[in-house]
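The values are calculated or read from the model by the stated rules, or taken from the named source; none is laboratory data. Predicted model, so just to flag it, every value in this text is computed and none were measured. Note that each Cβ is placed from the backbone with ideal geometry, even for glycine, and that neighbours are counted across all protein chains shown. The accessibility values were calculated without ligands, DNA or RNA, using every heavy atom of the protein model including side chains. Shrake-Rupley method; radii C 1.70, N 1.55, O 1.52, S 1.80 Å.
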Protein chains: 4
Amino acid sequence: MVGIALMGAGRIARVHAKAIGAAGGKLVTVYDVVESAAQSLASDNGASAARSVEEALQHPEVDAVLIATSSDTHVDLILRAIQAGKAVMCEKPLAPNLSDALRCTNSLGAQTSNVFLGFNRRFDSGHAALKKAIDAGEIGNLEQLTITSRDPAPPPLDYIPKSGGLFRDMMIHDFDMARWILGEEPVSIHSRGSCLVDPQIGKLGDIDTACVTMVTESGKQAVILNSRRAVYGYDQRIEGFGSAGMVISENPRATSVERYSSTSFGAPDRIFTFFMDRYGDSYRTEIETFLSGVAAGTPAPVDAIDGLKAVYLAEAAGASLRLGKPIELKGNCEVTWPE
Amino acid sequence: MVGIALMGAGRIARVHAKAIGAAGGKLVTVYDVVESAAQSLASDNGASAARSVEEALQHPEVDAVLIATSSDTHVDLILRAIQAGKAVMCEKPLAPNLSDALRCTNSLGAQTSNVFLGFNRRFDSGHAALKKAIDAGEIGNLEQLTITSRDPAPPPLDYIPKSGGLFRDMMIHDFDMARWILGEEPVSIHSRGSCLVDPQIGKLGDIDTACVTMVTESGKQAVILNSRRAVYGYDQRIEGFGSAGMVISENPRATSVERYSSTSFGAPDRIFTFFMDRYGDSYRTEIETFLSGVAAGTPAPVDAIDGLKAVYLAEAAGASLRLGKPIELKGNCEVTWPE
Amino acid sequence: MVGIALMGAGRIARVHAKAIGAAGGKLVTVYDVVESAAQSLASDNGASAARSVEEALQHPEVDAVLIATSSDTHVDLILRAIQAGKAVMCEKPLAPNLSDALRCTNSLGAQTSNVFLGFNRRFDSGHAALKKAIDAGEIGNLEQLTITSRDPAPPPLDYIPKSGGLFRDMMIHDFDMARWILGEEPVSIHSRGSCLVDPQIGKLGDIDTACVTMVTESGKQAVILNSRRAVYGYDQRIEGFGSAGMVISENPRATSVERYSSTSFGAPDRIFTFFMDRYGDSYRTEIETFLSGVAAGTPAPVDAIDGLKAVYLAEAAGASLRLGKPIELKGNCEVTWPE
Amino acid sequence: MVGIALMGAGRIARVHAKAIGAAGGKLVTVYDVVESAAQSLASDNGASAARSVEEALQHPEVDAVLIATSSDTHVDLILRAIQAGKAVMCEKPLAPNLSDALRCTNSLGAQTSNVFLGFNRRFDSGHAALKKAIDAGEIGNLEQLTITSRDPAPPPLDYIPKSGGLFRDMMIHDFDMARWILGEEPVSIHSRGSCLVDPQIGKLGDIDTACVTMVTESGKQAVILNSRRAVYGYDQRIEGFGSAGMVISENPRATSVERYSSTSFGAPDRIFTFFMDRYGDSYRTEIETFLSGVAAGTPAPVDAIDGLKAVYLAEAAGASLRLGKPIELKGNCEVTWPE
């Protein structure tokens, strides 16, 4: 049974804590800068609270560390956990910016594949089935990939300044999805951004509506559409088009019930608006995958390099928007753009 | 070019008149007991009005007769037209009751296949595709057939007494669909009837909600569900279930548009409520089929015997409802039931 | 925490054992006539194995008894558990036949509502949403109810003789669904039965394809369609039609992925063929509902009377098939039919 | 009855000729550089063949001119027909290039609205319903527009050099759709183009796979996806996303039949692969709209200016691809780009 030290005791940490137990792992200890939060989460899950990161890392029953703290602490915690010889799972993003992400992967060296990066959407049953179908050749050569990703509602305004901006905070999921499904790195990226949902977001220097196109070396085209607000719920669809067909991962629904009335003619049931309804399964599968990988000693299926590449694309998207032109992408991610 | 004498100048006669022209036939003359109606329809379609049935039948350009008069006149008009050597198409039902229907087919003798019976739903593109799939063996052996047939709204109350009752007026279409798709005659029928839509219909001695089951010699089961009122429109679906699969002819929709809002999550467009929106294509295809059959001299694909069998099932359904038990069916339709 | 004694250690018992833990209950002890089976299940779930029913019932930590043994033992176990002062949940059916079921409810007297009858489909999220919509008046007055219920494949032939026949073994679920959704008892039932799937089933005196119609006092009509084999998977749909609309609980699918190719045009993902994929959620919700009801001391939402009524309808369906006519139903279930 | 002179006797001219009659117009005369083609089309439709453009324009019964000749002749024919005082409908594109298109609209001056530009997709029932829903405010403010437009198969290779390239030949429809639905002119355009379908197309200097993004003054974003080949048929969908919802015009299907088998689970019927199956209705409605507009003397709903703007966007898309950067768009279309 894999013993876990959990860093962080916030909302997503609670989700992971519950999943650890259901997946047959053992939550050993919890650390949070707010000690009472750590204690509460720990006692709810039959674990101890650690008074320091060090105490958590040194706990004899701890095999692996799950990092669910704020983004700016990820790199240091990853490096300390790896130094302590632990397997790591870290919530997305790898780092709040590209230079920190590069510092992380450079320091990790050969150990990047010991860091499981928490891009939970790779474990969504629909998106994973689409990926599997494409990899199995069902649509021939993938030619155009369209990722639609709209959240039900924007975050609180006070979160915007610390979010890192839409590309690093929200579209980062889609950058990872795109790389994963394309199976090939993009060589060019071009961004469109508008503030249409809430003018306050614009005043804070961010956008809330975005459209990014990317092209790979072989000419595959990818489009990502983001909006901070979709009144009908999480609108997260992926469409892969290829030489032999098309596969679409459509939005799941609450049930398979259909309604007819004088104004409704087979209306499907609602789309999800609460993240645990939409993504609960993906979080559970993610933790199961992590735990079984740790037990088997296999490399992470999505790792620190994937974390780096997603941050790189997010920053390149930001640069494209500022500069008003496409950005050429480089394999080593070692680039800087004018602010 | 096939020349047509049209008997009747009512609503459905107008539909047919227009379809004749579009299908490359020629509407030659029109007869109706209301002479002004005949004249109006005739002049709208570049035809002459006949002052008598005889005049219409004797017109030298007339190759075929299309009967769209009231049900009680069908048998006589069919027999006169056949005697005059014309091909005939007759609106459903063949006759208002079983004894008249039997009189008709007995008189016709070998000529039953020169009478094309206007069961237009056989020419609906969806229902026809289902029939074709079943005949092609796509679902293996057909085992259960479910026909749902609900009209948007009941007819005017004053029509109820002369309608012949729900089974003869409305479910007759479904009896023909069932026989056509089963490819085998039912040997037993059992009816359920209720008056749930409008108590006035019950006071007039009729029902408005019905459920009929039938079984064939080989054990195939068929269910027909009828209601005089469906607030969402014509609800006319067929489901064929078999040893190797299932095929469903679903309700068509106005367009392929889907809507999302805070209360709507991919709602399909509306179902039809006007009979010409729902069945316009089937009427056109029916007339085209009739005209090309007349031109080619081939037997009618749906003929007077089909008309007889449908009337027989309708009357047997009525008898089952009155007697409260299943009725055994006979191949020659020569049966009488207590009233 | 509610302590449970589990009677039976077969497949469904294992499903329940797992659900008890997940729902926050405690599996205390397990009894099975095959002692090794009880021990295995008990040790896998941190419980003890009981050497007798009595030992299990007398265990001081046991608050409630979950009966998942063979059908012929249900009544005795229910009565003993109730006598021991325990709450009971019993797998369907209440009893293998009507006389045993009546003996059970008569003996229970006022305690029928302390027996939670395990009709898990009431807890399926889709069917429950349909029920809720109807109860909320979304479709006005319910007028026609259609329940389609087809299993992926027939059971092993050697199970057929001890199954009690299709009506008692398979359609019993649908009888409970029909009563639950109608909200009114049927007053008449008529059955159609064929052997189309496997002639061996017919040789064993059973049918594999069935169609039953029922009518309630107020004239509501219900149709149940059963087949022992649907090559596309569990086909379990419910359609409620009423004065103001229609609601359909469609088959759920593995994912929301859609496929396009030269022969496929938006094909939905597969329907389930393994019972735990199809009904896993309903079993979990059922156990949660049972445990929280025991903790709160509230009457079972589906109880021994519901169990009796379902057996009664199953036997009436069998009688109708034998007699070839509809059967009138009585509220007290005190009837006998010729064999 | 509006009398029509038809210029051109090719495939699309035949489609229009048939539609004129069905819409209650009169095909008076037909002109084509290949005289025998004109004669054949004319005699099939009860019209005369004209030996010259002049003869056709001077025919006393001609009220309007329908131009369905090759693209390079459009401008001259438009100007001659307008000079002759006739109403004009001209197939897309207005002109084979921007300079000719500008010459046309400049010459037309105030008469641009007497030229009905044949963008038939505006008359597709699904796309028109989407436009109507958006204009009615159903989705609030339109924020993101996605147009997918894929043809079943590429044209013959020898057509590619004279096609003007994918943007002017194929995406021109989508540029018109985008402008029409956005209700606002784009101010920036950026193109991505690849040759993935057939390398021969690339050798001829064209692309077969394209993705274009545009932004309007107010920040609305539009994406157009094109491919010359979709093995499943015409894939022409439009998605409008806005502040209050989303509306999608999905691909129509041959029928509403759904299929189930051991490998198919409710598969919808096929998408169209023949242009008249897919767009027959839109051509008919287009002609009806043109004829009724001529009869009423109202301005064309889609006119020469719309034709100009679409050509302008097509050329700007080409320039963006060549230059590898977004192009700023100007209202007067008076720009030139380096080749």
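Key figures for this structure:
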{"item": "Rounded Å value of the spacing that divides the Cα centres of region D:134-182 and region A:126-204", "result": "24"}
{"item": "Other copies of residue A:323: label-to-label distances in nm, shortest first, labels 7 Å along the beta-carbon direction", "result": "1.6, 8.7, 8.8"}
{"item": "Per residue convex hull volume, Cα atoms of region B:107-173, in Å³", "result": "163"}
{"item": "Highest-MSF residue in chain B out of B:115, B:257, B:15 [GNM, Cα springs under 10 Å]", "result": "B:257"}
{"item": "Chain A: most fluctuating residue of A:263, A:289, A:29 per GNM, C-alpha cutoff 10 Å", "result": "A:263"}
{"item": "Magnitude of the charge dipole, region A:1-153, Cβ model with Lys/Arg +1 and Asp/Glu -1, debye to 20", "result": "220"}
{"item": "Set D:86/D:309; C:86/C:131; B:26/D:86; A:26/C:86 screened for pairs whose C-alpha atoms are more than 25 Å apart", "result": "C:86/C:131; B:26/D:86; A:26/C:86"}
{"item": "Kirkwood Rh in Å, taken over all unlike Cα pairs in region A:242-291", "result": "13.8"}
{"item": "Positions from region B:121-151 whose accessible area shrinks by 10 Å² or more when the full protein complex is built, not the chain alone, probe 1.4 Å", "result": "B:125, B:126, B:129, B:138, B:143, B:144, B:146, B:150"}
{"item": "GNM result for chain B, Cα springs below 10 Å: residue of B:66, B:102, B:157 fluctuating most strongly", "result": "B:157"}
{"item": "At 7 Å out from Cα toward Cβ: residue D:218 inter-copy label distances (nm, ascending)", "result": "4.2, 5.0, 6.3"}
{"item": "Quarter of Cα convex hull surface for chain C, i.e. mean projection, nm²", "result": "18.7"}
{"item": "Three principal axis lengths of region A:60-156 [C-alpha, angstrom, descending]", "result": "47, 37, 29"}
{"item": "Amide H contacts of residue A:143 (H built 1.01 Å from N, under 5 Å, at least 5 apart or other chain)", "result": "A:241, A:242, A:243"}
{"item": "Under 5 Å, built H, 5+ apart or other chain: amide partners of residue A:261", "result": "A:266, C:246"}
{"item": "Neighbouring partner chain Cβ atoms per residue of B:212-219, average, 10 Å criterion", "result": "3"}
{"item": "Relative contact order [Cα under 8 Å, 6+ residues apart], region C:187-339, whole percent", "result": "24"}
{"item": "Accessible area of the protein assembly as shown belonging to carbon and sulfur atoms, whole % at 1.4 Å probe", "result": "49"}
{"item": "Principal axes of region C:221-337: Cα extent on each, largest first, Å", "result": "59, 47, 34"}
{"item": "Accessible area buried, both sides summed, chains B and D with 1.4 Å probe, Å²", "result": "1700"}
{"item": "Chain C, relative contact order in percent, only Cα pairs under 8 angstrom and at least six apart counted", "result": "21"}
{"item": "Axis-nearest residue of A (beta carbon) for the A-onto-C rotation, whole Å", "result": "A:22, 4"}
{"item": "Local electrostatic count, residue B:241, Cβ distance below 9 Å [Lys/Arg +1, Asp/Glu -1]", "result": "-2"}
{"item": "All Cα pairs of region A:122-249, percent lying beyond 20 Å", "result": "45"}
{"item": "Label point 7 Å beyond Cα along the C-beta direction, distances from residue A:73 to other copies (nm, shortest first)", "result": "5.4, 7.7, 9.1"}
{"item": "For chain C, accessible area per residue (1.4 Å probe, heavy atoms of protein chains only), Å²", "result": "36"}
{"item": "DSSP beta bridges in chain C [antiparallel fraction, %, rounded to 5]", "result": "55"}
{"item": "For region B:90-98, Karplus couplings with θ = phi - 60° (6.51, -1.76, 1.60), whole Hz, Gly/Pro x", "result": "10, 4, 6, x, 4, 8, x, 7, 5"}
{"item": "Loop trypsin sites (Lys or Arg not before Pro), region D:255-339, which have at most 16 other Cβ atoms in a 10 Å radius of their Cβ (DSSP)", "result": "D:330"}
{"item": "Isotropic mean projected area of the C-alpha convex hull, the protein assembly as shown (nm²)", "result": "55.3"}
{"item": "Residue (of A:36, A:68, A:112) at the positive-pole extreme of region A:19-118, dipole from beta-carbon charges", "result": "A:112"}
{"item": "Candidates per GluC sites (Glu not before Pro) in region C:1-72, loop by DSSP, up to 15 other Cβ within 10 Å", "result": "C:61"}
{"item": "Three-way shape label, region C:4-98, alpha-carbon gyration tensor, a/c 1.5", "result": "rounded"}
{"item": "Over region A:290-339 - Rg/Rh using Cα atoms and the Kirkwood inverse-distance radius", "result": "1.21"}
{"item": "Computed magnitude of the charge dipole of the protein assembly as shown (debye, nearest 20; Cβ of K, R +1, Cβ of D, E -1)", "result": "0"}
